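Structure record follows, encoded as C-alpha cells.
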Amino acid sequence: MHIYDVCVIGSGAAGGVMAKELCEGGAEVIMLEAGEEVPPARFLSHKWPYELPYRGLRDEKQAPFYPKDISAIRYQDTDSGIGVDRVRVLGGRTLHWNAVTLRYAPRDFRERTLAGIEEDWPLSYQELAPWYEHIEQTIGVCGQDDHLEILPAGKHYLPPLPWRCSEHVLARVGKSMGIPVIPVRKAVLTLPYDQRPPCHYCGHCMDGCDVSSIFTTPDCVLPKARATGRFTLRQNAVAREILTDSSGRAQAVSFIDRITRSEEQVRARVFAVCCATIESARLLLNSKSPQHPDGLGNSNGVVGHYLHGHIGGGVSVYLDELASTKPVNQDGATDHVYVPRYNQLSGKRDYAGGWGIQVNFESYMFPDQAQHLRGYGAPFKAEVRRLQPGYLFLGTFCKAVSARENYVAVDPHQTDAYGIPIPVIHYRFGENDRALWRDHNASLQQLASRLKGTVFSSLDNGPGGFASHEVGTVRMGKDPQTSALNGFCQAHEVKNLFVTDGSSFTTSSEKNPTLTIMALSARAADYIKQQRRLNAL
Amino acid sequence: MKRRQALKIVTLGALAEAASQSVAAHGLASGYAWTPGDHHLAFFSEDENRMIDELMEMIIPADDHSPGAHAAQVSLFADLMVSTSDVAEQQRWRRGLEAMQEEVSRSSTAQALAKAAANESHPETELERFFVVLKRMTVDGYYTSEIGIHQDLNYQGNAYLSEFPGCEHEAHH
Ligand SMILES: Cc1cc2nc3c(=O)[nH]c(=O)nc-3n(C[C@H](O)[C@H](O)[C@H](O)COP(=O)(O)OP(=O)(O)OC[C@H]3O[C@@H](n4cnc5c(N)ncnc54)[C@H](O)[C@@H]3O)c2cc1C
Ligand code: SF4
C-alpha cells in the first residue's frame, strides 16, 4: 500500500491551510473529506425567496452543506439554546462562513495568569504573530490597524468596507459612551487579490459566495496545494478511526466511501486531524486500540472534555433618525464595522472575560420587525415599512469558560448511517458565563436605548451557544496530564498525530476563532516540516 | 427569516441539520421553485382557504402603497407550509381553524379576528394562540413574496455592485 507523507482529515479552515503549507513544503499529502464539492453553480445565494421551495424559510440555501447522513447526534444534560455545527462539504464551514478575521490578543493566551481562571496556552501571542501575518496575507483581509491592545493588527490590509448610515450612528453614539466602533476585519476582498475578484456587495456570504471574493479553502488554498502536484483529494471519505501500530503510533486511517459504502484504508507517516471540534474528538474517541484503550492519545481522559464556544445574543434597533427614509441597497458584505471588547476599559467586574459585537450580519431582505410588532391591519403594515430603513443589528459573541464537566462523548450503542458511534453533547453554562451574560445584557440594553429607536431583543431568552464557534475538546496545554496536545498541536502521546482545528484551543476569547485556527494550523505544518527534516516523526 | 438566522448563528448546526432533512424528506430538489399558481390545496379545504385568505388580507391589507396578502396568495403558501409540516403543527392549525370558524359563525370575520388578536403577547385561548400562528404565517408568506419584497418594501438589494456606496450624510457622523 502506498504510504503518503501526511494524511489530512477534513478540508475546512484547518485542513485547507495544513494541506497547502505541507504540499508547498515538499510533502506528499492526501486529504480525506467526508463531504463533496458543492461548486458555486449549485449555490442558491442570489435566488429570491419566491424562487425557492419554501421561500428559504427551511434553510434551503444552506441545505447542500448539510447532507442528512451527518445529522445523528444527541444532546444530553445540556442547557437549552445549545447547538453544535457540523458540516459535510468540501471546504467545511469556510464555504458559508462570515469571514470576520480577528487576532487573539496577548492576554487571551494567559487567562490563568491574568484572570485566575482556566489554563494558559502553551504558546504566546508573540509566537503565533508571524503565522497570523502569514495567513492574513494568504487569504486577503480588509480592515485597518486600529492600534488597540485588545485587538492586535497585522501589517497589510485591503481597504476597509464603507460604512452604512446606521453604522455611523452607532459609532457616534458609541463614542459618547466610550464604546469603540472600528472597521471590521474580514477575509472579503475590497480589491482584486490573488487572482480573485473583489466583492460585489450582495450580502450572501453565509449562503456561499458565487465569485470567490470571500476566503474559502476550495477557492483559495486547495488550488495552491494542487498546483504542487503533490496533493491527492478523496471526497466522500468519512474517517471512521485512526489505526495504530504495535508501538501506538498512528499508521493508517480507516474510512468509508459514502458512494460505494465500502471501507478503505490510507497509510501515511503523519496524520493531521482537522474535522472540527465535535468530529475530531469523536474520531479520536472512536480510535480505540490495545495501546489506546480510551481513544487515541487519551490515556489521561482529556479528549472530548472542555467543550466550549461563544455565547451569543442579538438586539435589533430600528433607529428613529433613519425611519421612513428612502429605501437604499444596504446589503453590503454583511458586517462592515465591529465593536471590539470594551468592558476591560471600565471599572471592576465580578467575572472574567468580555464580549465583542458583530454588526449588521443579518439579511436586509426580510423585515424582522414584522415578527415582533404587535397588532395587524393597515397601521401594522405601514409601521413595518416605516421602520425598515433604520435597521441596525447587534450580534454579541461572549467568552465562555472552558470547564472539564462540559464534554462530547461517543455512544457505542447508537451509530450513524455508516455504523460509526455518534457524538453526545453535555453542556451547561457556568457561574462566570452567567455573570458575564448579565453584565453584557445590561450594557447592550443601555447601548440600545441610547441609540434611540424601536428595540427588539433576544436577550430575554437567556444565553445561547455556540454560534458555530465550538472549541476545546482536544486541548493544548503545558501539562500532559491535563491536556492532549503540546503547543504545536502535536499529541503528547502520539508523536505523529496533530489536531489543528478549534478543538486544540486551550481557552476561547470573545473573538471569532477561525484566524487563530488557521494560524495554528500553519504553525503546526511548519513544525511538521522541521521535524520531518530531523527525522523526528 | 432574519430572526431565524440570528438563532441559527447561535444554535446553527441543529437547525440547519433539521432543515436539510425536511427539504430532503419532501423530495424537493434545491432548484425547485414553488409558485402559488400551480398549487392545489393539500391541507386546507376550499372553505378554510377562503376564510384564511380573508383573515390574512385583514392582517396585511392592500393599501395605497401596495397590494396585500390576498394578492400575494399567502393562504396558498400557508397550505404548502402546513401540509409539509409535522403532525403536531398540523394539529395546531386544525384546532385553531376550528376555534376561528366557530367564532366567525358566532359574529363576523372582522370581530373574530379582533377577539383573537386581543391578547397577542400572552395568548391563552385556542383562538388567541391561533392568531399568533396565523399572523406569523402571513408575515412569512407576504414578505417573501414578490409583492412584499419589491412593491411593499421596495427592497433594493440582491444585486451585483461594483462598489458599495457608504453613508455620506454629515448628520449621521
Ligand atoms: C454561518 C457561519 C458564519 C461564521 N462566521 C465566522 C466568522 O465570521 N469568523 C470566524 O472566525 N468564524 C466564523 N464561522 C466559523 C468558521 O466557519 C469555523 O470556525 C471554521 O470553518 C472551522 O474550521 P475547521 O477546519 O476547524 O472546521 P470546518 O470548517 O467545519 O471543517 C471541518 C471539515 O472536516 C470534515 N469532516 C468532519 N468529520 C470528518 C470525518 N470523520 N472524515 C472526513 N472529514 C470529516 C467536514 O466535512 C468539514 O469539511 C462561521 C461559521 C458559520 C457556519
Ligand atoms: S457580499 Fe461579497 S463576499 Fe459576500 S457573497 Fe457577496 S460577493 Fe461574496
Return the lysines within reach of A:Lys452: Cα separation strictly under 16 angstrom, same-chain partners fewer than 8 residues apart disregarded; answer none if there are no such residues.
A:Lys175
Compute the FRET efficiency between B:Asp38 and B:Ala159 as 1/(1 + (r/R0)^6), taking r as their Cβ-Cβ distance and R0 = 25 Å, and round to the nearest 0.05.
0.30
Quick one: angle between helix A:431-451 and the longest Cα principal axis of chain A, in degrees between 0 and 90, rounded to 10, please.
30
Relative to the Cα centre, what is the charge dipole magnitude of segment A:94-177, using +1 at the beta carbon of each Lys and Arg, -1 at the beta carbon of each Asp and Glu, and rounding to the nearest 20 debye?
400
Give me the angle, in degrees from 0 to 90, between the Cα long axis of helix A:165-177 and the longest principal axis of the Cα atoms of chain A, rounded to the nearest 10.
90
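Starting from the Cα gyration tensor of segment A:54-169, take the square roots of the eigenvalues, sort them a ≥ b ≥ c, and report rounded, prolate or oblate (rounded when a/c is under 1.5, otherwise prolate if a/b is larger than b/c, else oblate).
Oblate, since a/c reaches 1.5 and b/c is not below a/b.
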Return the aspartates and glutamates within reach of A:Lys529: Cα separation strictly under 18 angstrom, same-chain partners fewer than 8 residues apart disregarded; answer none if there are no such residues.
A:Asp5, A:Glu21, A:Glu24, A:Glu28, A:Glu127
What does the charge count around A:Tyr351 come to, taking other residues whose C-beta lies under 11 Å from its C-beta (Lys +1, Arg +1, Asp -1, Glu -1)?
+1
Any idea what angle helix A:514-533 forms with the longest principal axis of chain A, computed on alpha-carbon atoms, 0 to 90 degrees, nearest 10?
20
Under 12 Å between alpha carbons, and skipping anything fewer than 8 positions from A:Lys381 in its own chain: which aspartates and glutamates qualify?
B:Glu57, B:Asp63, B:Asp64, B:Asp152
Helix-only mean residue ellipticity at 222 nm for chain A, each DSSP H run of n ≥ 4 adding -39500 (n - 2.57), per residue, nearest 500:
-6500 deg cm²/dmol
A:His2 versus A:Leu243, label points 7 Å from Cα toward the beta carbon: distance in nm?
1.8
From the Cα gyration tensor of the protein assembly as shown, with a ≥ b ≥ c the square roots of its eigenvalues, which class applies: rounded if a/c is under 1.5, or else prolate if a/b is larger than b/c, or else oblate?
prolate
Using alpha-carbon positions, the gyration tensor of segment A:326-397 gives root eigenvalues a ≥ b ≥ c; with a/c under 1.5 called rounded, otherwise prolate if a/b exceeds b/c, else oblate, the class is prolate
Percent antiparallel among DSSP beta bridges with both residues in the protein assembly as shown, to the nearest 5?
70
Going through the cross-link list A:Lys186/A:Lys326; A:Lys155/A:Lys224; A:Lys224/A:Lys288; A:Lys288/A:Lys478; A:Lys326/B:Lys115, which pairs have a Cα-Cα distance over 31 Å in this structure?
A:Lys224/A:Lys288; A:Lys326/B:Lys115
For A:Leu243, the residues 5 or more places away or on another chain with a placed amide H closer than 5 Å to its own amide H are A:Gln251, A:Ala252, A:Val253, A:Ser254
Disulfide-incompatible cysteines by the Cβ rule (no partner under 4.7 Å) in chain A:
A:Cys7, A:Cys23, A:Cys142, A:Cys199, A:Cys202, A:Cys205, A:Cys209, A:Cys220, A:Cys274, A:Cys275, A:Cys398, A:Cys489
Go through segment A:373-416 and flag every residue whose accessible area shrinks by 50 Å² or more with all protein chains in place compared to the isolated chain (probe 1.4 Å).
A:Arg374, A:Tyr376, A:Lys381, A:Arg385
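Any idea of the total accessible area buried by the B-A contact, 1.4 Å probe, rounded to 100 Å²?
Working: alone 11710 and 21100 Å², together 25570 Å².
So the total buried area for this chain pair works out to about 7200 Å².
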At what distance in nm do the modelled label points of B:Gln91 and A:Glu36 sit from each other, each positioned 7 Å from its Cα along Cα→Cβ?
3.9
Cut-off 12 Å between beta-carbons: net charge of the residues surrounding B:Phe44, Lys and Arg +1, Asp and Glu -1:
-3
Taking the Cα-to-Cβ direction at A:Lys326 and at A:Val211 and moving 7 Å from each Cα, how far apart do the two end points lie in nm?
2.5
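The values are calculated or read from the model by the stated rules, or taken from the named source; none is laboratory data. Source: prediction; values computed, not measured. Cβ atoms come from the backbone with ideal geometry, glycine included; neighbour counts cover every protein chain shown. Please note that ligands, DNA and RNA were not included when accessible areas were found on the heavy atoms of the full protein model with its side chains. Shrake-Rupley method; radii C 1.70, N 1.55, O 1.52, S 1.80 Å.
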